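Have a look at the structure below, then the notes.
The values are calculated or read from the model by the stated rules, or taken from the named source; none is laboratory data. Model, not experiment: these values are computed from the prediction. Reconstructed Cβ throughout: ideal geometry from the backbone, glycine too, with neighbour counts over all protein chains shown.
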Amino acid sequence: MNTDVRSQAEALGLPLREESRDRLQIREIPPQGLVLRIRRDPSAIAGDLGLSTAVEAWFLLFRMGVEVSVRFEGTCGLRVCCSRCLEGVDLSLTFGSRVTFLPIAAEVDPERELMADDLGVAFYRNPEIPLLEMVREEILLLVPMQPLCTPLCQGLCSKCGRRLGRAACECRDADIDPRWKDLQSLLESGTLSPRSS
């Protein structure tokens, strides 16, 4: 994060409040702003995601009429399987975002094209901010699609299943296509020699 939410809250002199609820009523945000800290067990965020540590997030909220500006950041641990060798990998995730909440308009033009400024805007029907939902979405965006234990992981042997690069594998590198089997036997017998270039 470029600017730490906690540091900014301290600079503004805002008190910290521990929050145990998943949603915050907009009317609870005082005019000077509010700083919240939430800490949740992995199962409260996403039971099947593979979170290995508690999720901790800090929120800085400001209300200007019906508009609410939210900045948040947090950390958590994630346990995933390497996509090549299937070994467990522990990742440390740092997440954060800025969102402006506005009341949903009665009439929304479905043909309106989204602009860059619109990507950080969310709408509310009930006057509340979904704290835990925002954290869950950011974590889901950070989960790697193909995690690796190391960038040089060679994966598993497709025949015996041994982890390549760690254990010796006796398997042959490539099976011969059955259509070329007769040609391979001629090469092995010495009747046919490969063309040298």
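Key figures
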item: Cβ pairs under 8 Å, 6+ apart, first in segment 116-144 and farther than 15 Å from PHE59 by Cβ and at pLDDT 85 or above, second of a type in the set (S, T, N, Q) and assigned to a strand (DSSP E or B); result: VAL121/THR100; PRO127/GLN25
item: Condition met for ARG37 (surrounded by 15 or more Cβ atoms within 10 Å (Cβ to Cβ) and either of a type in the set (D, E, K, R) or not assigned by TED's automatic domain parsing to the domain that holds LEU119 (or both)); result: yes
item: Test: residue in segment 77-96 that is charged (D, E, K, R) and within 16 Å of LEU131 (Cα to Cα); result: no
item: Candidate set: segment 15-34, residues that are of a type in the set (A, V, I, L, M, F, W, C) and farther than 30 Å from LEU91 by Cβ; chosen: the one surrounded by the fewest Cβ atoms within 10 Å (Cβ to Cβ); result: ILE26
item: Conditions (1) closer than 19 Å to PRO144 by Cβ; (2) modelled with pLDDT of 90 or more; (3) touching a strand residue (DSSP E or B) at 6+ places or on another chain (Cβ under 7 Å): number failed by PRO42; result: (2)
item: In segment 52-66, the residues that are hydrophobic (A, V, I, L, M, F, W, C) and either closer than 13 Å to PRO103 by Cβ or not assigned by TED's automatic domain parsing to the domain that holds GLY13 (or both); result: MET64, VAL66
item: Of the criteria (1) outside any strand (DSSP E or B); (2) more than 21 Å from LEU141 (Cα to Cα), which one ALA44 fails; result: (2)
item: Checking ALA11 against (1) in contact with a strand residue (DSSP E or B) (Cβ under 8 Å, 6 or more places away or on another chain); (2) in a helix (DSSP H, G or I), the condition it does not meet; result: (1)
